[in-house]
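The values are calculated or read from the model by the stated rules, or taken from the named source; none is laboratory data. Remember, predicted model here, so these are calculated numbers, not experimental data. Positions of Cβ are backbone-derived with ideal geometry, glycine not excepted, and every protein chain shown enters the neighbour counts.
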Amino acid sequence: MAGFPTVRLRRLRMKAPLRRMVRETALGPDDFIYPLFVMPGKGQAEEIPSMPGQFRFTVDRLPAEVEEVARLGIPAVILFGIPEAKDEVASGAYAPDGIVQQAVRAIKRAVPEMVVVADVCLCEYMSHGHCGVVRGGVVDNDATLDLLARTAVSLAEAGADMVAPSDMMDGRVAAIRRALDAQGFPLVPILSYAAKYASAFYGPFRDAACSAPAFGDRRSHQMDPANRREAMREIALDLEEGADAVMVKPALAYLDVLREARRRFDVPLAAYNVSGEYAMVKAAAARGWLDERAIVLEILTAIKRAGADWILTYHAKDACRWLVEGGC
Ligand code: PBG
């Protein structure tokens with residue numbers, strides 16, 4: 001006879017080792033991709049005010065940071081750049097000695113085994129802060145594709161192991177794949193920010209990367225938070241265009257999207273636990289309103305349980321330390 005009192009789910013919850021045996025989701029360092037910001041200059045690490053514990057590093061300070069990331073067992077970092085100068089064609093994004101290109105070379109020299117993912121977007125390099133070429137007040141999709149493809153090739157030339165377009169232009173995965181193949185990089189994979197929403201959770205990142213749009217917003221290309229079915233179309237199209245892995249972003253308010261994507265697509269699936277999600281936890285923890293360690297491990301476990309293979313998170317280093325200490 002199924003049911004109480006024959007069935008008591010508490011039986012398997014009575015002891016910590018038993019709970020470990022029935023645990024369905026295990027977090028580990030291999031799940032994480034750690035975001036890093038790189039800026040011009042020498043010998044500096046500047047804390048980002050709205051992201052306590054996260055820094056903008058000059059290129060010479062990156063190797064030590066990445067060595068620590070590697071020591072913690074994290075296999076990959078993703079790079080974002082703050083260029084020396086910005087213009088209307090995002091020259092800094094595809095300059096051979098651009099800030100991220102320099103960072104990639106420095107990291108690969110110091111820690112060759114680290115998987116270096118390079119974010120591909122133009123907003124950090126555009127004077128107006130938009131993700132593409134602006135014509136008549138709107139982002140011109142097709143005029144932007146060529147610049148994105150050039151950026152991806154330039155990052156591959158610098159030694160990036162993976163490129164991750166986050167711009168949300170239509171057709172960019174195909175354009176990038178074509179360019180990489182034509183320029184001798186058929187084995188550089190594309191992690192597409194396929195379902196990227198127009199989210200207020202990116203606020204602290206835009207401070208960190210100085211990439212807030214000077215006018216308007218990103219709603220003509222990033223997705224409406226109200227839509228889930230459309231996210232499945234975005235993912236399916238990016239896979240058709242040749243994406244090797246796809247991302248849902250942000251993570252926490254979009255776990256249903258992540259779950260649905262997991263159910264439908266048998267490809268590596270990433271979730272970006274974004275800057276605003278990080279800032280909320282840090283702010284509450286600083287006031288003693290939340291137990292940071294418990295909250296972070298719960299959040300990351302939930303993102304993995306929902307279906308993420310890879311979690312891009314600013315908590316990655318702390319999480320690895322806490323996982324080694326154990327007891328949760
Ligand atoms: C675009 C980009 C953004 C983020 C990652 N890549 C910002 C945006 O779309 O405005 C946000 C990441 C975060 O909030 O942590 N280059």
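The condition of being within 16 Å of the ligand (Cβ to nearest atom) and either assigned to a helix (DSSP H, G or I) or under 21 Å from Ala45 (Cα atoms) (or both) holds for only one of Val117, Val153, that being Val117. Has region 176-188 got at least one residue that is in contact (Cβ under 8 Å) with a residue 40 or more places away in the chain and either away from the ligand (no atom under 11 Å from the Cβ) or on the phi > 0 side of the Ramachandran plot (or both)? So far as region 176-188 goes, yes, one or more of its residues are in contact (Cβ under 8 Å) with a residue 40 or more places away in the chain and either away from the ligand (no atom under 11 Å from the Cβ) or on the phi > 0 side of the Ramachandran plot (or both).
Going by the structure shown, is Ala243 more than 27 Å from Gly136 (Cα to Cα) and part of a helix (DSSP H, G or I)? For Ala243, the condition - more than 27 Å from Gly136 (Cα to Cα) and part of a helix (DSSP H, G or I) - is not met. Could you tell me how many of the residues in region 82-138 are buried (at least 16 other Cβ atoms within 10 Å of the Cβ), farther than 20 Å from Asp60 by Cα and basic (Lys, Arg)? Total satisfying the criteria: 1.
Test Ile311 against the stated conditions and say whether it is without any contact (Cβ under 8 Å) to a residue 60 or more places away in the chain and crowded, with 21+ Cβ neighbours inside 10 Å. No. Among the numbered conditions (1) touching a Cys at 6+ places or on another chain (Cβ under 8 Å); (2) of a type in the set (Gly, Ala, Ser); (3) at pLDDT 95 or above, the only one that Gly129 does not meet is (3).
Among the residues of this structure, Phe215 does not count as one that is aromatic (Phe, Trp, Tyr), in contact (Cβ under 8 Å) with a residue 24 or more places away in the chain, part of a helix (DSSP H, G or I) and farther than 26 Å from Val267 by Cα. Comparison of Phe215, Phe265 shows that the only residue that is away from the ligand (no atom under 13 Å from the Cβ), at pLDDT below 95 and either aromatic (Phe, Trp, Tyr) or in contact with a Phe, Trp or Tyr (Cβ under 8 Å, 6 or more places away or on another chain) (or both) is Phe215. Scanning region 33-55 for residues that are in contact with a strand residue (DSSP E or B) (Cβ under 8 Å, 6 or more places away or on another chain) and either more than 20 Å from Ala70 (Cβ to Cβ) or without any contact (Cβ under 8 Å) to a residue 40 or more places away in the chain (or both) gives Met39, Pro40, Gly41, Lys42, Gly43, Gln44, Ala45, Glu46, Glu47, Ile48, Phe55.
Among the criteria (1) surrounded by 15 or more Cβ atoms within 10 Å (Cβ to Cβ); (2) within 13 Å of the ligand (Cβ to nearest atom); (3) closer than 22 Å to Gly53 by Cα, the one Ala285 does not fulfil is (2). Could you go through region 80-102 and let me know if any residue there is more than 16 Å from the ligand (Cβ to nearest atom) and touching a Lys or Arg at 6+ places or on another chain (Cβ under 8 Å). No - not one qualifying residue is present in region 80-102. Taking the criterion of being within 22 Å of Ala271 (Cα to Cα) and over 12 Å from the mean Cα position of the chain (by Cα), the residues of region 178-194 that qualify are Val188, Pro189, Ile190.
Per the listing Ala270, Ala253, Ala208, the residue uniquely within 15 Å of the ligand (Cβ to nearest atom), in contact (Cβ under 8 Å) with a residue 12 or more places away in the chain, within 24 Å of Phe32 (Cα to Cα) and assigned to a strand (DSSP E or B) is Ala270.
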